1. For the stretch 100-113, what are the residues that are within 22 Å of residue 61 (Cβ to Cβ) and of a type in the set (Asp, Glu)?
2. Only residues that are of a type in the set (A, V, I, L, M, F, W, C) and over 14 Å from residue 56 (Cβ atoms): list them for the stretch 69-99, please.
3. Restricting attention to the stretch 7-18, and to residues there that are surrounded by 14 or more Cβ atoms within 10 Å (Cβ to Cβ) and modelled with pLDDT of 90 or more, which single residue is nearest to residue 75 (Cα to Cα)?
4. Out of the stretch 44-76, which residues are hydroxyl-bearing (Ser, Thr, Tyr), within 10 Å of the chain's Cα centre (by Cα) and assigned to a loop (DSSP other than H, G, I, E, B)?
5. Just to be sure, is residue 35 on the phi > 0 side of the Ramachandran plot and either part of a loop (DSSP other than H, G, I, E, B) or touching a residue at least 12 places away in the same chain (Cβ under 8 Å) (or both)?
6. Can you report the number of residues in the stretch 10-32 which are touching an Asp or Glu at 6+ places or on another chain (Cβ under 8 Å) and either part of a loop (DSSP other than H, G, I, E, B) or in contact (Cβ under 8 Å) with a residue 24 or more places away in the chain (or both)?
7. Restricting the search to the stretch 51-68, which residues are surrounded by fewer than 15 Cβ atoms within 10 Å (Cβ to Cβ) and under 19 Å from residue 105 (Cα atoms)?
Amino acid sequence: MTKEMTCIVCPNGCLMRVEQNGDDIQVFDALCKRGLEFAKNELINPTRSITSTVATAFPDYPLLSVKTDGELPKDKIFQAMELINKIVVKDRIKVGDVILSDVFGTNIVATSDMTLNAGEKRVDN
């Protein structure tokens with residue numbers, strides 16, 4: 001089997017040709033080692049991250065941005081989104097707080113801070 005794919009792990013965006021014959025996988029036209037690894041994983045176990053929003057119970061903050069804290073199997077994205085779309089946050093959340101645990105091996109975490117006043121910026125020490 002021969003497949004063409006574009007690498008998404010670095011800015012090069014290499015267009016690679018991948019040939020698989022049983023367990024033997026050969027990658028052509030990758031400019032870095034990360035591309036080789038990406039191509040092999042894409043054939044064997046493709047994974048992705050998700051970014052989305054969840055509803056909240058707060059009129060001043062109706063949506064909270066979230067993401068996975070790791071990658072999940074690509075074929076589980078739609079199931080994960082079904083779970084994410086059911087969430088309604090009822091507490092003020094900070095960046096990094098876990099919104100939903102163990103969603104196909106990853107957690108859904110907040111990427112916004114609902115505890116800050118409008119215009120205030122978070123300062124990490």
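1. 113
2. If the condition is that a residue be of a type in the set (A, V, I, L, M, F, W, C) and over 14 Å from residue 56 (Cβ atoms), then 72, 77, 78, 80, 81, 83, 95, 98 are the ones that fit.
3. Per the criteria, the residue is 7.
4. 49
5. Against the criterion (on the phi > 0 side of the Ramachandran plot and either part of a loop (DSSP other than H, G, I, E, B) or touching a residue at least 12 places away in the same chain (Cβ under 8 Å) (or both)), residue 35 does not qualify.
6. 2
7. Selection gives 51 alone.
The values are calculated or read from the model by the stated rules, or taken from the named source; none is laboratory data. Being a predicted model, the structure only gives us computed values, none of them experimental. Please note: Cβ atoms are built from the backbone with ideal geometry, for glycine as well, and neighbour counts cover all protein chains shown.
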